[in-house]
Amino acid sequence: MTRRWTGTPLSSLTLFILQLALLQGLHCQLLKPQARPDSRVNALRQKRDLFREETFSAVLSESALPRTVLHNYTARDASSEYCGCLNGGWCQESGRCDCAQFQAVGDRCQIIPNTGKDRDGICRSWGQHHFETFDGMYYYYPGSCSYILAKDCHSTEPQYTVWVHNSRSCQGSVYSCPRALSLFFPNEEEIHIRGYQVHKGGVRLSLPQTVRNVFIERLADYILVKSTFGFSLAWDGSSGVYLKMTDAHKGRPCGLCGNYNDEGSDDLSNSRGLQVGSLAEFGNSWAVDLPQDQPCEDVEDDFPGPCQSESEMDDAIEKCSALLFFPFISCHENIDPNPFVASCVSDLCVSDDEETFCRTLVEYTRACSHVGYPVREWRDSFPTCADGCEESFVHRDCISCCPPTCTFEKECLGTNLHCLDGCYCPDGLILQNGTCIAVSQCPCVYHGTPYPLGHVLEQGCSVCVCMGGMWNCTEHNCTGECTVMGDTHVTTFDGRMFVHTGTCQYVLVKSRGNTKFSLTMQHTACGESQEQSCIHSVTLVVDEDVNRQVTLTREGEVLVGAGVMASLPYTDEVVEVRRLTSVFTQLRVSLGLRLQYESRAGRIYLQLDNTWRGNTLGLCGTFNGNLRDDFLSPAGMIEGTPQLHVNAWRISSACSSPVNMPIIDPCEMNQQNVFYSSMCDVMTEALFSPCHAYVSPTIYHQQCRYQACRCGNNCLCSALAHYAYVCSQHNVSINFRAHVSECSVLCLGGMTYQSCTSSCGHTCESVSRGEVCNGDCAEGCSCGEGAFYDSVRQRCVQQSQCHCYFMGSIYQPGEVSFSASGPCLCRNGRMECVPEEREPEMGDCPNGKVYHSCRDLGPGASHVGVACELTCRNLMLNLTCPPTTPCVPGCGCPAGLVGHNGECYYPENCPCAWLGLEYLPGETVDTPCYRWGVSLADDLRLSASVPRQTSPEYKINLVYTFINVDFLPTGGSYYHNILLK
């Protein structure tokens, strides 16, 4: 029954205590007292013998240890005897339990709240019978069955279920008895963990292993189970199990770990969701009957505590109180030691040996390590607790969940414990294939394949030697290449590979120091349910001039500046963009950058000249031959994981980028695409075998499987094409599309697929432009030898059938056009014009004119030659030469002069024309009504003098007769200035 209280509000913990007292009744039976007046004196003397006088005085001071534990310990009634109280409780003469010893609550002191401020929401269970809930409620429950430790109770199909299998018959130390776990995840067979062996459906798994969206690995003395949905579990291989979840799971769990709602008072809820006051009733309700085992007996409501006498408990308290002093005191504020002292007392009452005592100390230090406050070198104070590690390993109190490795494969996933304890490599050494080695002994990795120390590899145009995990390459003028495959797989300039799935804009590469260029990559959500990440666009900015930035979009568009669509090929002083093939668009920068982009499959091949070596930053790394610093952040720190690295180069903080999300195997999530992943096996078979000696297919097969399951056939073919591209870098050509029917390419208009081709020199437009080809190529469709693709006819034709592309227009074969030099004929894709005359030498142009060439456009020269030459006639029209005006070479006036009748004039000396005649500045013309004069001002004007008595009607007529008539009072007359506009 539950009692409701009204009136003055009580704390939830107070209500919990009252509930326990009312529900359970008084269990403490006072035994016959025996006089032991000196027991307390002997206990204190023994206690003092454990410490030097100065140490004991220090820890008892208020400043050093402001706790009530010691006060309670020294003030308890020395004449009391043991009864049914738990967790260090003492029976009083009133028949009640005094629970102040370890600040326990309940009629039997059955609950000890862990008041540490940094528990981190971890549920733990150790030594068979010790439990601490997510909300920090410690209790002792001596069950010997299988129990639901934690379960997702607020889902139709639970995301997780954890069973703990206690020993049916445990004699001696609880740490020597076997214990095991069972894990259940949706649509998966049971995962059973005993010791360090992991079985799934009865089959032993090799670690590390991924099961759908759960990752299982062995690290130091733990088996770690991590998931994508915010659940993680650590198992110490013996009896300790530790669960941690994200805040998203609050209020959802049930079981012996409680409900994780930050309210410990309701943790004792049975399997029907009802709160109970009896630990036995609570624990028994979560028991699980296993079909292969005999039925298990329930724990009795009045189960006895582990200590059988007061003296036995007194001795255990004396020993376990070591947790209240140095070196453990540094963790007290974060992890309350009371539950662990109580559990220590319970364990020593069962088996008072050094191994059990040390294991109880381990549990407290382990709890401190899990929340990031390790008690370092505590074993120095307890020599008998030295942990026996195998040769070359040492015990570490704080091992990162992401320890450094030679291959950088380990990633920190979400909801991890802050650090782990156990046997690991000494400082300065790293674990490689089960052995501790120095970083200098690390193998080197090239395209996913490890090579031993001293291995010599011909890498492109360089010869490289493996030295300490890094390639030491000869200094040749080699280009560096960074690639992105399938939107998500990135390979840095120095060869480090990683996966990222964010949906933000990121810096792919930028130059160090004064910004010369930056290349950014915009990722957006894609896929049927928008759960994937795809490259939406790639943007180049040179010299921070955003008005001239160039953006390549996923739709195949090329945008310049603020979104102006450009036609291809596009060129300016620095950038050239062309449709290299039917598949790839190429962007070249005069600074030494080349980018090839396949928008449909999210492939990027970025090359930089050797001049940029050591001068790059971004997702593509540092381009210095050292892949260990490729995750350098803008702040100058080396990030520990790919996700942190990607997040560091995120441009906008307005978008989300996962930091602690594990990489999910798409094949577990998209079963419908598993067929396509099986097609990746062609990489390891005969078709690609000529490449295997140069580039191992292992890592590319993994990438292919990931991509094929991610988005089916298109991604499969993109991954195969990427491996074929890497092979081509070693002069091994693999025409896989001719053998893998799913990846065959349909080329239109008579074109055929080529693994290395270019539109340059293979199209009629290229012939017309007289393009100079530089050997760039990529896979795509092209015409055969001697044929050219005509975009007008949309098919391959002979050169004699090519249209001509000339001065913005298209001409049919045989069509005649005219240029400044004369008639032009479209023949063989080129406009053949009347040969231009020899460019005149200096002084050959008549009447002081100069020659304007269209070949050498120096500073200040006109880009259109004499096509828009200024004359006295058009000077006043303020004409602007259209940007598409073709350049016309010829003799023209020098800069600052204008032409008129074959001669050059200063603008202010231009004559005025009226009624077919010309008048020089200063001349006048008389008519019957007016006198007209040529006025020299900012503009050339004709001025007419009119007597004052001229009627207003006349003035109005002037307004309608002339344009821009101004009435300016000057002297005794009005002057009407008529602008020649």
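For this structure, a couple of remarks:
- ASN731 being within 23 Å of CYS461 (Cα to Cα), surrounded by fewer than 24 Cβ atoms within 10 Å (Cβ to Cβ) and without any contact (Cβ under 8 Å) to a residue 40 or more places away in the chain: yes
- Hey, VAL299 in contact with a strand residue (DSSP E or B) (Cβ under 6 Å, 6 or more places away or on another chain) and β-branched (Val, Ile, Thr) or not: no
- When residues of the range 855-867 are limited to those that are at pLDDT 70 or above and out of contact with any Ser or Thr (no Cβ under 6 Å at 6 or more places or on another chain), the one most open to solvent (accessible area, probe 1.4 Å): VAL866
- Only residues that are in contact (Cβ under 8 Å) with a residue 40 or more places away in the chain and in contact with a Lys or Arg (Cβ under 7 Å, 6 or more places away or on another chain) were counted across the range 674-688, and they come to 1.
- Residues in the range 313-346 that are touching a Ser or Thr at 6+ places or on another chain (Cβ under 6 Å) and within 20 Å of GLY136 (Cβ to Cβ): ASP336, CYS344.
- As for the range 255-274, it holds no residue that is closer than 30 Å to PRO374 by Cα, of a type in the set (Lys, Arg) and either under 43 Å from the mean Cα position of the chain (by Cα) or outside any strand (DSSP E or B) (or both).
- Failed item, numbered, when PRO304 is tested on (1) within 15 Å of TYR141 (Cα to Cα); (2) open to solvent by 30 Å² or more (accessible area, probe 1.4 Å); (3) at pLDDT 90 or above: (3)
- Leading residue by the ranking (farthest from VAL225 (Cα to Cα)) among those in the range 422-431 that are modelled with pLDDT of 85 or more and in contact with a Pro (Cβ under 9 Å, 6 or more places away or on another chain): CYS425
- Of everything in the range 315-352 that is of a type in the set (Asp, Glu) and crowded, with 21+ Cβ neighbours inside 10 Å, the residue that is farthest from ILE122 (Cα to Cα) is ASP347.
- Each residue in the range 376-387 was checked for being open to solvent by 70 Å² or more (accessible area, probe 1.4 Å) and more than 37 Å from the chain's Cα centre (by Cα), and 4 of them qualify.
- Hey, PRO840 more than 21 Å from HIS762 (Cα to Cα) and either crowded, with 16+ Cβ neighbours inside 10 Å or at pLDDT below 75 (or both) or not: yes
- Yes/no for SER321 being at pLDDT 90 or above and closer than 18 Å to HIS129 by Cβ: no
- So LYS226, is it modelled with pLDDT under 90, among the basic types (Lys, Arg) and surrounded by 21 or more Cβ atoms within 10 Å (Cβ to Cβ): yes
- Residue in the range 257-276 that is of a type outside the set (Gly, Ala, Ser), closer than 15 Å to TYR160 by Cβ and open to solvent by 20 Å² or more (accessible area, probe 1.4 Å) present: yes
- MET679 meets all of the listed conditions (1) crowded, with 22+ Cβ neighbours inside 10 Å; (2) over 30 Å from VAL456 (Cα atoms) but one, namely (1).
- Within the range 171-181, being free of Cβ contacts under 8 Å to residues at least 24 places away in the same chain and either surrounded by 19 or more Cβ atoms within 10 Å (Cβ to Cβ) or within 21 Å of ASN284 (Cβ to Cβ) (or both) holds for one residue alone: ALA180.
- Candidate set: the range 888-912, residues that are small (Gly, Ala, Ser) and touching a residue at least 12 places away in the same chain (Cβ under 8 Å); chosen: the one most open to solvent (accessible area, probe 1.4 Å): ALA895
- Positions within the range 182-206 being touching a residue at least 12 places away in the same chain (Cβ under 8 Å) and of a type in the set (D, E, K, R), in sequence order: GLU188, GLU189, ARG194, LYS200
- Verdict on SER733 being hydroxyl-bearing (Ser, Thr, Tyr) and modelled with pLDDT under 90: no
- Scanning the range 330-342 for residues that are β-branched (Val, Ile, Thr) and either under 36 Å from the mean Cα position of the chain (by Cα) or closer than 17 Å to CYS398 by Cα (or both) returns a single hit, ILE335.
- Whichever residue in the range 468-499 is without any contact (Cβ under 8 Å) to a residue 60 or more places away in the chain and surrounded by fewer than 21 Cβ atoms within 10 Å (Cβ to Cβ) and, among such residues, is farthest from VAL542 (Cα to Cα): GLY468
- Checklist (1) assigned to a helix (DSSP H, G or I); (2) within 20 Å of TRP235 (Cα to Cα); (3) open to solvent by 10 Å² or more (accessible area, probe 1.4 Å) applied to TYR373, failing item: (1)
- Extreme residue, nearest to THR616 (Cα to Cα), among residues of the range 500-544 that are polar (S, T, N, Q), out of contact with any His (no Cβ under 6 Å at 6 or more places or on another chain) and open to solvent by less than 60 Å² (accessible area, probe 1.4 Å): SER511
- Residue check, THR503 among the β-branched types (Val, Ile, Thr), over 20 Å from CYS444 (Cα atoms), in contact (Cβ under 8 Å) with a residue 60 or more places away in the chain and not in a strand (DSSP E or B): yes
- Helices (runs of 4 or more DSSP H) within the range 601-704 that include 3 or more residues of a type outside the set (D, E, K, R), modelled with pLDDT under 85 and touching a helix residue (DSSP H, G or I) at 6+ places or on another chain (Cβ under 9 Å): 666-669, 674-678
A quick yes/no check of all residues on (1) open to solvent by 40 Å² or more (accessible area, probe 1.4 Å); (2) within 24 Å of ASP347 (Cβ to Cβ); (3) β-branched (Val, Ile, Thr); (4) at pLDDT below 90:
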position	(1), (2), (3), (4)
PRO158	no, no, no, no
PHE185	no, no, no, no
GLY195	no, yes, no, no
LEU207	yes, no, no, yes
PHE231	no, no, no, yes
GLY240	no, yes, no, no
ALA248	yes, no, no, yes
PRO253	no, no, no, no
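- Take the conditions (1) touching a residue at least 60 places away in the same chain (Cβ under 8 Å); (2) buried (at least 19 other Cβ atoms within 10 Å of the Cβ); ARG168 misses just one of them, which is (2).
- Pairs where the first residue, in the range 270-292, is touching a residue at least 40 places away in the same chain (Cβ under 8 Å) and the second is small (Gly, Ala, Ser), C-beta under 6 Å, 6+ apart: SER271/SER285; GLN275/SER269; GLY283/GLY143; TRP286/GLY255; TRP286/SER271; VAL288/SER146; LEU290/SER146
The values are calculated or read from the model by the stated rules, or taken from the named source; none is laboratory data. Quick caveat, the model's predicted, so the values are computed rather than measured. FYI the Cβ positions are ideal-geometry reconstructions off the backbone, even for glycines, and counts take in every protein chain you see. The accessibility values were calculated without ligands, DNA or RNA, using every heavy atom of the protein model including side chains. Shrake-Rupley method; radii C 1.70, N 1.55, O 1.52, S 1.80 Å.
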